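The values are calculated or read from the model by the stated rules, or taken from the named source; none is laboratory data. What you see is a predicted model, and the numbers here were worked out from it, not measured in a lab. Neighbour counts run over all protein chains shown; Cβ positions are idealised from the backbone, glycine included. Side chains included, ligands, DNA and RNA excluded: accessible areas come from the protein's heavy atoms. Shrake-Rupley method; radii C 1.70, N 1.55, O 1.52, S 1.80 Å.
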Amino acid sequence: MRPATPGPALPIDAILGDVVDHLRGRGAAVVEAPPGAGKTTKLPLACLLGLDAALDGGEILVLQPRRLAARMAAERVAGLLGEPVGGRVGYQVRFDSKVSAATRLRFMTEGLLLRRLRDDPGLRGVAMVVLDEFHERHLDGDLVLALLRRLQARRDLRIVVMSATLDAAPIAAYLDAGARAQCRRFTSEGRAFPVAIDYRGGPQSERMRLPSRVLRAFHELVDAGLDGDTLVFLPGAGEIRACAEACAGLAASAGALVLPLYGELPPAEQDRAVRPAERPKLILATNVAETSITIDGVTTVIDSGLRRLASVSPWTGIPTLQVAKIARDSAAQRAGRAGRTRAGRCVRLYSQFDHDRRPEHTPPEVARLDLAGALLDLHAAGVADARAFPWFEAPPEAAFEAAEALLRRLGAVDDGGGLTAIGAAMLRYPAHPRLARVVVEGAARGVADLAAGAAAILSERGLRRDRGPAKIDADADVLVDLADLEASRRQGGDACRRLGLHPAAARQALRVRDQLRRIAREDEAAGGHAGGRRGPVGEREEHLRIALLAGFPDRVGVARGDGPERALVLAGGGAARLAESCVVRTAPWAVALAIEERKGARGGGEPQVTSAAAIEPEWLLDLFLDRVDEVEELRFDGERGRVVGRVELRYDGLVIDASELPKGRLPPAAADLLAEAALSAGTGAFVRDGAALDALIARTRFAARFDPAIPVIDEAAARAKLRELCAGLTSFAELTRADLLAHLQAAVTSAAGDRLDRLAPTHLRLPSGRRAPICYPADDSAAPALSSRLQDFFGGDAGPRIVDGKVALVLHLLAPNGRDVQVTTDLAGFWDRHYPELRRALMRRYPRHAWPEDPRAAPPPRPQGGGRRRR
């Protein structure tokens, strides 16, 4: 039997009695009901009226994913009861609340309940919680569901999950596993009239800007005759403003009202869009109108196929909204808005092929968002290991790791997962942990007002219109934004437009700032800075920049380049170019507060810093000493020919300070670096006479053929000795003075005594008395040789020999001009066979020289220096 709920009959009425009967016995329920079934208004109201005694005075909380839906649902239910909002039925959203001591049915957002659970884990006075539109799978909703299930295991608490498109079986199984009573599934039929679907996609359409495409579709409707209201789904407020301007003229000529509808609008403007009007309405809405809110009179939907999808910036870790294609279930819900009261029409501004290729569901936020805020809430609830927490759907492991790492860097949790004093203070602020950390630090430094304003600006997307290239050089973009925001508040009127701010975004930023500032004043007073620290403007702004650094410790960068090419080399790797609009133009160090992927000069996407704050590297030592490493670095300076050492203070790889190490402080590794450079230069670079080294190598090679005890000095041995000599040295000059050749000669002497000189002498004394050098071959294919003037051999009969007379030297007999006249190993045979004829030729060419007939008996000439050495 249908419970006595006021209002028109709706499809959900068919199951309300069963749902209420089941919940009277406690437990949990999952309700599947398509859009238009009436679940948002009728089911909570049926529970309020039908479970009064069972709830024992406890309150029913109904969670909505959006503030607008919570407020309007409360107003609709209160209207069904004929009561004002704030009585038995009320709502509580950020910045707005209408509740009283009499309130028994409270509509609120998921985020607010999450904060209430943090402050009051037992949810005193709450008997039942309804999670509406759970199919949207917001991260806050997932976390609330898990915390409620945990609470339900400890006390009586009724949980109802309502979904329009999501398969309810997994949710029911999840709740059934943790409930004190069985979780049941209930399914309601919807009520929808047929909706004709038209597609307006294709290459030509896709080349048009979105406002032009909306205008063209609306023009078709006007030409056909407007019959009812038209609801246009757009990604965000910026697109709504652009489309409103594009359609204003046509709407006026058609007698239609152009009304925006999005979350940041004042309630009065939201109500204008939702409530009936005397003229046709062109309602330009975000996806707030996709679920929960029923707009009577809509007969046509124009669907852009786009939405702002919550994601996380890979550069800042802060949640952001990116324009993305909607999934097929969202497309169906949007189309269904045209068939609530009668047959309708949906014009999709994309092709059917595009539609059919889209995923069935949007991935849940738990699989794609930053978990830092959620994990901070869990740590506050005493959950040290978030991985072991009973999630409805566990997040990816990488998301756990990134969130935990960020919380540790922010100082919110310790290594054991325990909440720190800083983390506890951060929980007081309804903001992302990064921004909460900024305000906590700002309050500790007596600049809570500035920190709250900066956090509000950084949390508010789309605050500024495109302001073009920066015309000033300042210490922080948020300081410029804060000044303009305050000026817009003081001046009112059209000040926002003159200052380049979007009015709605500016209003929202001011509301967030004021809320954060109220909380911060208490922390500031607790820190002994009640009323804020008064001082020079520059000093206060410096404290703000330190606070910003505390919230973005992993986004520190060192500036490189000039002008349009100026970029920040970021801590931990990567770089991002400073956007032309960024006012931080000359600071050598900065922290990147906002980074976006934008189209680069070459057409591809590139990260660009759109908001930054100048910092001093000394602040890193004050705030993050545990992240600063002292690193000694060695390198070989080719110009100076020496190993130089630097000691560097590095913050996540960025050099804060550096100085050269004195020679006496260079570590032993300097010898290895010197050796590598020396070996690259070659052994010949470290002997004064390269020919002498070559000679030693050749002599030992030759002598070892006859006496294996003689060590062979080859290139490998020379390189090994060179490396050995590098020990304790740091420069090429020192290595040259160490005398590589002397050490190699000493090594041979140490191993073989005088045997090398005896078997392979460096010189031989000739009959003339001259000491002539012996040239040893580089390989075994030739014999040792000696070059000298033919006259030096007068008085001798046999040619010289070495290796105890076993090897005859190859003699190069030279004419007075230093050229060979004969090469031989048989001096006696030369005298006999060749000298007589050669003597006559020499006498004619060199008449001043003596050419005896018998060279064996002739006294040799007095030594006058050696001839040209031959090899």
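Filtered by the rule that a residue be surrounded by 19 or more Cβ atoms within 10 Å (Cβ to Cβ) and charged (D, E, K, R), region 1-19 gives a lone residue, Asp13.
Hey, could you check region 626-666 for residues that are of a type in the set (Asp, Glu) and in contact (Cβ under 8 Å) with a residue 24 or more places away in the chain and say which is least open to solvent (accessible area, probe 1.4 Å)? First the steps, then the outcome.
Taking region 626-666 first, the residues of a type in the set (Asp, Glu) are 626, 629-630, 632-633, 637, 639, 648, 652, 657, 660.
With in contact (Cβ under 8 Å) with a residue 24 or more places away in the chain added as a condition, the list becomes 632, 652, 657.
On the way: Glu632: 90, Asp652: 39, Asp657: 88 Å².
Here the answer is Asp652.
Assigned to a helix (DSSP H, G or I) and of a type outside the set (Phe, Trp, Tyr), is that true of Leu375?
Values: assigned to a helix (DSSP H, G or I): yes; of a type outside the set (Phe, Trp, Tyr): yes.
Yes, satisfied.
Restricting attention to region 116-131, which residues are surrounded by 19 or more Cβ atoms within 10 Å (Cβ to Cβ) and at negative phi? Let's see the steps before the verdict.
In the first step, residues of region 116-131 are kept if they are surrounded by 19 or more Cβ atoms within 10 Å (Cβ to Cβ); the result is 117, 123, 126-131.
If the condition is that a residue be surrounded by 19 or more Cβ atoms within 10 Å (Cβ to Cβ) and at negative phi, then Leu117, Val126, Ala127, Met128, Val129, Val130, Leu131 are the ones that fit.
Taking the conditions (1) open to solvent by less than 10 Å² (accessible area, probe 1.4 Å); (2) over 28 Å from Ala335 (Cβ atoms) in turn, Leu68 satisfies each one other than (2). Here Ala196 clears all of (1) modelled with pLDDT of 90 or more; (2) outside any strand (DSSP E or B) except the condition numbered (2).
Restricting attention to region 493-514, the residues being part of a helix (DSSP H, G or I) and open to solvent by less than 40 Å² (accessible area, probe 1.4 Å) number 11.
If the requirement is being open to solvent by 60 Å² or more (accessible area, probe 1.4 Å), modelled with pLDDT under 90, closer than 20 Å to Ala717 by Cβ and out of contact with any Ser or Thr (no Cβ under 9 Å at 6 or more places or on another chain), which of these qualifies: Asp672, Asp689? Let's see the steps before the verdict.
Working: Asp672 fails: modelled with pLDDT under 90.
Every option except Asp689 fails the conditions.
Looking only at region 741-763, filter to residues that are touching a residue at least 24 places away in the same chain (Cβ under 8 Å) and under 14 Å from Ala695 (Cβ atoms); which one of those is surrounded by the fewest Cβ atoms within 10 Å (Cβ to Cβ)? Among those that are touching a residue at least 24 places away in the same chain (Cβ under 8 Å) and under 14 Å from Ala695 (Cβ atoms), it is Thr762. Within region 764-779, the set of residues being under 18 Å from Asp714 (Cα atoms) and surrounded by fewer than 17 Cβ atoms within 10 Å (Cβ to Cβ) comprises Pro777, Ala778, Asp779.
Determine which member of the set Thr40, Thr5 is part of a loop (DSSP other than H, G, I, E, B), more than 30 Å from Leu427 (Cα to Cα), in contact with a helix residue (DSSP H, G or I) (Cβ under 6 Å, 6 or more places away or on another chain) and of a type outside the set (A, V, I, L, M). None of the others qualify; the one that does is Thr5. In this structure, Arg342 does not qualify as modelled with pLDDT of 95 or more and open to solvent by 10 Å² or more (accessible area, probe 1.4 Å).
Restricting attention to region 780-797 and to residues that are open to solvent by 20 Å² or more (accessible area, probe 1.4 Å) and in contact (Cβ under 8 Å) with a residue 12 or more places away in the chain, the residue that is nearest to Pro816 (Cα to Cα) turns out to be Arg789. Screening Ile422 on (1) open to solvent by 10 Å² or more (accessible area, probe 1.4 Å); (2) modelled with pLDDT of 95 or more; (3) under 21 Å from the mean Cα position of the chain (by Cα) shows it passes everything except condition (3). Annotation: of all residues in region 199-219 being out of contact with any Leu (no Cβ under 6 Å at 6 or more places or on another chain) and part of a loop (DSSP other than H, G, I, E, B), the one that is most open to solvent (accessible area, probe 1.4 Å) is Arg207.
When region 398-408 is filtered for residues that are crowded, with 20+ Cβ neighbours inside 10 Å and either in contact (Cβ under 8 Å) with a residue 40 or more places away in the chain or of a type in the set (Ser, Thr, Tyr) (or both), only Leu406 remains.
Counting the residues of region 47-65 that are assigned to a helix (DSSP H, G or I) and surrounded by 23 or more Cβ atoms within 10 Å (Cβ to Cβ) gives 1.
Going residue by residue through region 271-294, is there one that turns out to be touching a residue at least 24 places away in the same chain (Cβ under 8 Å), under 27 Å from Thr362 (Cα atoms) and either charged (D, E, K, R) or open to solvent by 30 Å² or more (accessible area, probe 1.4 Å) (or both)? Scanning region 271-294 turns up at least one residue that is touching a residue at least 24 places away in the same chain (Cβ under 8 Å), under 27 Å from Thr362 (Cα atoms) and either charged (D, E, K, R) or open to solvent by 30 Å² or more (accessible area, probe 1.4 Å) (or both).
For Ile713, the conditions (1) under 24 Å from Ala678 (Cα atoms); (2) of a type in the set (A, V, I, L, M); (3) part of a loop (DSSP other than H, G, I, E, B); (4) open to solvent by 40 Å² or more (accessible area, probe 1.4 Å) all hold with the exception of (4). Any idea how many residues of region 769-788 are farther than 20 Å from Asp694 by Cβ and either touching a Pro at 6+ places or on another chain (Cβ under 7 Å) or among the β-branched types (Val, Ile, Thr) (or both)? Looking only at that region, the number is 2.
Quick one: in region 20-37, of everything that is surrounded by fewer than 23 Cβ atoms within 10 Å (Cβ to Cβ) and under 45 Å from the mean Cα position of the chain (by Cα), which residue is farthest from Asp329 (Cα to Cα)? If you could, list the steps in order and put the result at the bottom.
Of all residues in region 20-37, those surrounded by fewer than 23 Cβ atoms within 10 Å (Cβ to Cβ) come to 20-22, 24-27, 34, 36.
With under 45 Å from the mean Cα position of the chain (by Cα) added as a condition, the list becomes 27, 34, 36.
On the way: Gly27: 29, Pro34: 11, Gly36: 15 Å.
My answer is Gly27.
So which residues in region 271-294 are more than 38 Å from the chain's Cα centre (by Cα) and part of a helix (DSSP H, G or I), if there are any at all? Residues satisfying the conditions are Asp271, Arg272, Ala273, Val274. Taking the listed residues Asp797, Asp757, the one that is over 60 Å from the mean Cα position of the chain (by Cα) and closer than 30 Å to Tyr846 by Cα is Asp797, with no other qualifying. Residues in region 222-243 that are hydrophobic (A, V, I, L, M, F, W, C) and open to solvent by less than 30 Å² (accessible area, probe 1.4 Å): Leu231, Val232, Phe233, Leu234, Ala237, Ile240, Cys243.
Within region 560-574, restricting attention to residues that are under 17 Å from the mean Cα position of the chain (by Cα) and either assigned to a helix (DSSP H, G or I) or aliphatic (A, V, I, L, M) (or both), the residue that is surrounded by the fewest Cβ atoms within 10 Å (Cβ to Cβ) is Val569.
A quick yes/no check of all residues on (1) open to solvent by less than 20 Å² (accessible area, probe 1.4 Å); (2) not in a helix (DSSP H, G or I):
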position	(1), (2)
Pro363	no, yes
Val366	yes, no
Gly382	no, yes
Arg387	no, no
Pro390	no, yes
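Set side by side, the residues Leu674, Leu679 differ, and just one is more than 30 Å from Gly572 (Cα to Cα) and touching a Cys at 6+ places or on another chain (Cβ under 7 Å), which is Leu674. Among the residues of region 716-740, the ones that are touching a Gly at 6+ places or on another chain (Cβ under 8 Å) and either over 11 Å from Phe686 (Cα atoms) or surrounded by fewer than 19 Cβ atoms within 10 Å (Cβ to Cβ) (or both) come to 2 in all.
With respect to the conditions (1) of a type in the set (Lys, Arg); (2) outside any helix (DSSP H, G or I); (3) in contact with a Phe, Trp or Tyr (Cβ under 6 Å, 6 or more places away or on another chain), Arg71 lacks only one, and its number is (2).
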